[in-house]
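The values are calculated or read from the model by the stated rules, or taken from the named source; none is laboratory data. These numbers come from a predicted model, not from an experiment. All Cβ positions, glycine included, derive from the backbone under ideal geometry; neighbour counts span all protein chains shown.
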Amino acid sequence: MAASVREKQTAALKRMLNFNAPPLKNTTAEPVWKVLIYDRFGQDIISPLLSVKELRDIGITLHLLLHSDRDPIPDVPAIYFVMPTEENIDRICQDLRNQLYESYYLNFISAISRSKLEDIASAALAANAVNLVTKVFDQYLNFITLEDDMFILCNQNKEHISYHAINKPDIMDTDMDGIMDTIVDSLFCFFVTLGAVPIIRCPRGNAAEMVAVKLDKKLRENLRDARNSLFTGDTVGTGQFSFQRPLFVLADRNLDLATPLHHTWTYQALIHDVLDFHLNRVSVEESQGSEASPAGARPKKKNKKSYDLTAADKFWQKHKGSPFPEVAEAVQEELDTYRAQEDEVKRLKSIMGLEGEDDGAISMLSDNTAKLTSAVSSLPELLEKKRLIDLHTNVATAVLDHIKSRKLDVYFEYEEKLMSKSTLDKSLLDIISDPDAGTAEDKMRLFLIYYITSQQPPSEADLEQYKKALVDAGCDLSPLNYIKQWKAFTKMAATPANYGSSGVKPMGLFSRVMNTGSQFVMEGVKNLVLKQHNLPVTRILDNLMEIKSNPETDDYRYFDPKMLRGSESSIPRSKNPFQEAIVFVVGGGNYIEYQNLVDYTKARQGKRVLYGCSELFNAAQFMKQLSQLGQK
Amino acid sequence: MTSRAATCQSWLADITLLFKASVKTVKTRNKALGLLDCSSREEACGVKRARVRDSFSGRAREVISNISKLKEFLLQHRKEYVNAGSVMCSDVSRMTDSERDQIDQDAQIFMRTCADAIGQLRSEMGKQVVSAQVKDHRAAVLDLIEVYLRGVCKLYSEQRAVRVKRVVDKKRLSRLEPEQISHNKQQSDGEENSDKPVSDSNMDLWEDNRVDDDLSPEEIQMFEQENQRLVGEMNSLLDEVRQIEGKVVEISRLQEIFSEKVLQQETEIDNIHQLVVGATENVKEGNEDIREAIKNNAGFRVWILFFLVMCSFSLLFLDWYDG
């Protein structure tokens with residue numbers, strides 16, 4: 001598959017917005033205007049992919065929520081992009097009755113059932129608007145693509161399929177079925193958009209297995225139904241060398257609970273951990289200034305600014321996986337290049353000023369007009385660059401403030417050591433009792449990681465000591481109850497502790513001296529260098545992709561929807577390593593795993609890995625879920 | 001290939017036919033259940049359907065069709081227009097310069113009328129009272145039309161720039177030729193001069209008779225040289241004029257961009273002006289208030305002083321009275 005998932009989804013959206021006809025490449029085509037109506041699901045899907053300006057260019061004059069008050073706009077075709085739920089269908093029928101628009105193009109995010117279709121048909125008949133409903137489509141786009149190779153399932157009802165919902169002790173079978181259906185539906189849409197039928201591998205005995213069984217069944221049904229199959233024509237037509245099918249690895253969150261709690265050091269993961277970041281939009285609080293307010297003045301208002309981190313932002317694409325100090329330096333470099341270019345443009349201005357007096361030199365004039373034209377045409381680029389530099393400066397400064405106030409580098413270093421079983425230079429109790437290192441949440445996270453990664457649980461006396469220290473620091477102990485239960489249940493006691501060999505080298509004095517020159521004065525923040533290490537998910541993927549034999553993955557189940565008879569054997573058919581893989585974590589994932597997979601892919605040429613999860617949470621949200629589970 | 005697969009896929013996900021089928025089922029179901037017959041209502045609604053189309057969208061569509069006509073016109077004649085007469089091409093499809101100028105003028109008038117029409121629509125839309133969404137929609141529609149018009153204008157100006165550039169290049173090339181020709185001429189003059197004495201000697205007798213009426217060979221040569229010089233000068237002047245024309249076209253384009261930016265800044269400057277005026281007012285008022293406060297303070301102090309002095313005098317008086 002040469003095109004990434006993001007490009008495919010964007011292309012599908014653009015086609016849909018062009019009345020389901022392939023978009024023309026003609027740059028000066030006649031404008032056709034239309035109105036886009038979406039519900040919250042549709043909004044979440046569209047907003048990371050298309051900006052408002054791009055929508056305008058396509059010809060969308062207004063974009064409105066389905067359940068808002070909408071006025072009739074005659075003579076305009078309306079494109080609907082909604083989920084086929086009861087309320088949405090009712091609202092569409094109401095719109096048809098009120099005759100709001102000239103023609104209706106209905107696009108459903110996932111497949112609509114026959115009965116609901118008949119509801120719309122009867123409403124259309126009653127309103128005599130049948131010939132106004134021009135096209136009805138199932139778009140099969142029920143997933144949100146955040147990056148070229150990362151997707152999540154949904155953002156609106158994520159409590160419905162969260163880790164808490166899947167793992168709570170009093171869950172009923174019907175609930176579980178509902179959750180599984182939602183997940184399988186989205187995964188099915190994902191594979192339809194991708195255009196490939198994968199080979200599924202999953203571990204035994206947990207939620208991931210249930211998802212795999214259902215997904216296999218659904219794919220199989222769809223392939224058997226030769227008339228309506230959505231996968232015809234693409235075994236031949238998807239890209240150059242796709243004789244091989246991709247590998248789809250389903251993992252369960254219970255496999256590795258330490259990674260979501262881990263403190264991190266790469267740019268994107270830090271932003272997700274520390275600031276308010278979702279759907280590629282980060283909100284930063286800006287304080288007005290650092291002077292002390294004079295007595296009697298009103299308290300300074302902090303205004304929140306939100307920025308979009310998009311695919312077009314080259315700096316972001318290059319540095320989103322780099323460790324934070326690198327990012328700081330890179331921003332400084334960009335700023336310097338920008339200033340140099342700005343100076344050149346200013347110099348041009350002075351040259352023009354001189355030339356104004358000397359009006360006999362036509363030849364010099366020609367040079368300068370050329371220079372002026374080039375300067376004017378490059379001006380928008382420069383302004384855009386400035387905006388991006390400002391954006392990243394603000395974001396990075398905010399992150400740095402958090403790091404300094406919470407001493408996140410200390411936590412990161414300590415946790416890396418915990419996870420890699422190297423020797424610890426400070427005892428855990430010291431860090432927990434240290435009053436100005438981090439919030440209560442940070443300490444709880446650290447302790448949980450320690451608990452999860454220790455080979456034997458700590459003795460009762462130690463545990464009591466830790467608990468007292470934690471309570472003194474103000475932590476809530478309910479996640480600990482849940483983790484205890486989890487540890488008791490999980491039989492793979494050895495493997496979670498094995499986080500691969502990693503090492504954290506604090507770079508010495510030299511780098512600190514270098515850093516003081518930069519704008520970000522990182523005194524006291526150690527410049528930590530990440531060594532390559534593999535998280536459990538990456539390791540499992542490696543084993544499965546390279547068909548290595550490993551006790552961990554040997555008893556994974558094997559599903560192939562294209563085989564005529566569903567067999568229970570777990571012997572894989574092909575012995576060749578896979579070139580493409582999709583990793584999906586049921587129960588939630590985060591950017592740390594994603595970054596690890598990206599690094600793994602970069603180290604190996606020619607392999608492509610996509611990462612997906614049922615929801616994306618940062619450590620704070622995960623802790624909340626754990627405490628909810630622990631309280632039961 | 002991916003696009004073909006994608007179109008296959010989108011065709012298979014098209015359930016419009018399914019929808020129409022379900023409409024039919026619902027109709028038959030309604031008829032079977034004896035619900036209201038919709039056929040009579042259809043006619044009534046059909047009449048309603050033929051309502052007056054919104055005048056705004058009708059006019060907007062007219063403007064778009066005009067701009068499309070202009071675009072087709074430009075594209076049609078583009079090949080001939082741009083083909084600024086290389087010597088090789090056949091004379092059949094050649095455009096004269098006057099025709100090109102005519103096209104330029106027509107295109108400009110057309111573009112101006114289109115821009116006026118858009119401006120008119122915008123002002124009318126501002127006067128009409130419609131809901132906020134319809135207003136937004138109309139504003140966005142007008143923006144789209146403007147962008148389209150700008151694209152077509154860019155086509156036109158590109159064409160024109162290419163034409164001017166080609167003419168300038170041609171002139172530059174042809175400027176080499178007169179030099180060569182003059183070079184040749186000089187050579188041939190040399191030859192002629194060498195021939196001339198021969199012929200002169202032959203025609204000496206004959207020419208001597210004519211020497212008073214005609215110019216002497218030296219004078220002929222001088223006049224020829226001067227001729228050549230004048231031709232060269234004129235050519236270079238023409239050359240420079242063409243160059244300047246090219247530059248002016250470029251400058252006008254830049255001017256357009258600048259004026260756009262300046263207009264954008266105008267609104268911002270207006271805002272700032274208003275804010276500054278407001279701020280000066282506030283500062284003036286503040287000054288007044290401070291003056292009042294100082295006066296009150298001073299007045300207050302005077303009164304206190306007076307009161308204290310009166311008290312002490314009264315004390316003295318009482319003391320004296322008592323004593």
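In segment B:217-258, the residue that is farthest from B:Leu173 (Cα to Cα) out of those that are within 14 Å of chain A (Cβ to nearest Cβ) and of a type in the set (Lys, Arg) is B:Arg253.
Hey, any hits in segment A:112-132 for a residue that's outside the structural domain of A:Leu610 (by the TED database) and under 16 Å from A:Gly42 (Cα atoms)? Yes.
The residue list B:Val47, B:Val52 contains one member that is in a helix (DSSP H, G or I), at pLDDT below 80 and surrounded by fewer than 16 Cβ atoms within 10 Å (Cβ to Cβ), which is B:Val47. Considering only residues in segment A:417-457 that are in contact with a His (Cβ under 8 Å, 6 or more places away or on another chain) and modelled with pLDDT under 80, the one that is farthest from A:Leu270 (Cα to Cα) turns out to be A:Ser420. Here A:Ile200 passes the criteria (1) under 30 Å from A:Ala11 (Cα atoms); (2) modelled with pLDDT under 80 except the one numbered (2).
A:Ile144 - would you say it is of a type in the set (Val, Ile, Thr) and within 20 Å of A:Leu250 (Cα to Cα)? Here the answer is yes, as A:Ile144 does meet what is asked. Within segment A:153-162, is there a residue that is assigned to a loop (DSSP other than H, G, I, E, B), touching a Lys or Arg at 6+ places or on another chain (Cβ under 7 Å) and surrounded by fewer than 18 Cβ atoms within 10 Å (Cβ to Cβ)? Yes, segment A:153-162 contains at least one residue that is assigned to a loop (DSSP other than H, G, I, E, B), touching a Lys or Arg at 6+ places or on another chain (Cβ under 7 Å) and surrounded by fewer than 18 Cβ atoms within 10 Å (Cβ to Cβ). Within segment B:150-164, the set of residues being in contact (Cβ under 8 Å) with a residue 60 or more places away in the chain and within 10 Å of chain A (Cβ to nearest Cβ) comprises B:Val152, B:Leu155. Residues that are surrounded by fewer than 21 Cβ atoms within 10 Å (Cβ to Cβ) and hydroxyl-bearing (Ser, Thr, Tyr) within segment A:83-114 comprise A:Thr85, A:Ser103, A:Ser110, A:Ser113, listed in sequence order. The residue pairs whose first member lies in segment B:130-146 and is closer than 16 Å to B:Ile64 by Cβ and facing chain A (nearest Cβ under 7 Å), whose second member is of a type in the set (Phe, Trp, Tyr) and surrounded by 14 or more Cβ atoms within 10 Å (Cβ to Cβ), and whose beta carbons are closer than 9 Å, counting only pairs six or more residues apart or on different chains, are B:His137/A:Trp33; B:Ala140/A:Trp33; B:Val141/A:Trp33; B:Val141/B:Phe56; B:Leu144/A:Trp33. Any residue at all in segment A:46-61 that's within 11 Å of chain B (Cβ to nearest Cβ), among the acidic types (Asp, Glu) and in contact (Cβ under 8 Å) with a residue 24 or more places away in the chain? No, that holds for no residue. Return yes when B:Leu142 is at pLDDT below 80 and of a type in the set (A, V, I, L, M, F, W, C) and no when it is not. Taking the combined requirement at face value, the residue does not satisfy it. Within segment B:273-284, is there a residue that is within 30 Å of A:Ala375 (Cβ to Cβ) and surrounded by 10 or more Cβ atoms within 10 Å (Cβ to Cβ)? Checked segment B:273-284: at least one residue is within 30 Å of A:Ala375 (Cβ to Cβ) and surrounded by 10 or more Cβ atoms within 10 Å (Cβ to Cβ).
Given the conditions (1) at pLDDT 60 or above; (2) over 30 Å from A:Pro22 (Cα atoms); (3) within 11 Å of chain A (Cβ to nearest Cβ), and given that B:Leu36 satisfies all but one, which numbered condition is not satisfied? Among (1) at pLDDT 60 or above; (2) over 30 Å from A:Pro22 (Cα atoms); (3) within 11 Å of chain A (Cβ to nearest Cβ), B:Leu36 violates only (1).
So which residues in segment A:62-84 are closer than 28 Å to A:Ser186 by Cβ and without any contact (Cβ under 8 Å) to a residue 12 or more places away in the chain, if there are any at all? Correct list: A:Ser68 only. The residues of segment A:95-130 that are more than 10 Å from chain B (Cβ to nearest Cβ), in a helix (DSSP H, G or I) and out of contact with any Phe, Trp or Tyr (no Cβ under 9 Å at 6 or more places or on another chain), listed by number, are A:Arg97, A:Asn98. In segment B:146-161, how many are buried (at least 19 other Cβ atoms within 10 Å of the Cβ) and farther than 17 Å from B:His77 by Cα? Total satisfying the criteria: 2.
Scan segment A:47-56 and tell me whether some residue there is touching a Phe, Trp or Tyr at 6+ places or on another chain (Cβ under 7 Å), of a type in the set (A, V, I, L, M, F, W, C) and at pLDDT 85 or above. Among the residues of segment A:47-56, not one is touching a Phe, Trp or Tyr at 6+ places or on another chain (Cβ under 7 Å), of a type in the set (A, V, I, L, M, F, W, C) and at pLDDT 85 or above, which makes the answer no.
Within segment A:131-151, work out how many residues are more than 8 Å from chain B (Cβ to nearest Cβ), within 30 Å of A:Gly589 (Cβ to Cβ) and touching a Phe, Trp or Tyr at 6+ places or on another chain (Cβ under 7 Å). The total comes to 6. Determine if segment B:237-248 includes at least one residue that is assigned to a helix (DSSP H, G or I), surrounded by 13 or more Cβ atoms within 10 Å (Cβ to Cβ) and of a type in the set (Lys, Arg). Scanning segment B:237-248 turns up at least one residue that is assigned to a helix (DSSP H, G or I), surrounded by 13 or more Cβ atoms within 10 Å (Cβ to Cβ) and of a type in the set (Lys, Arg).
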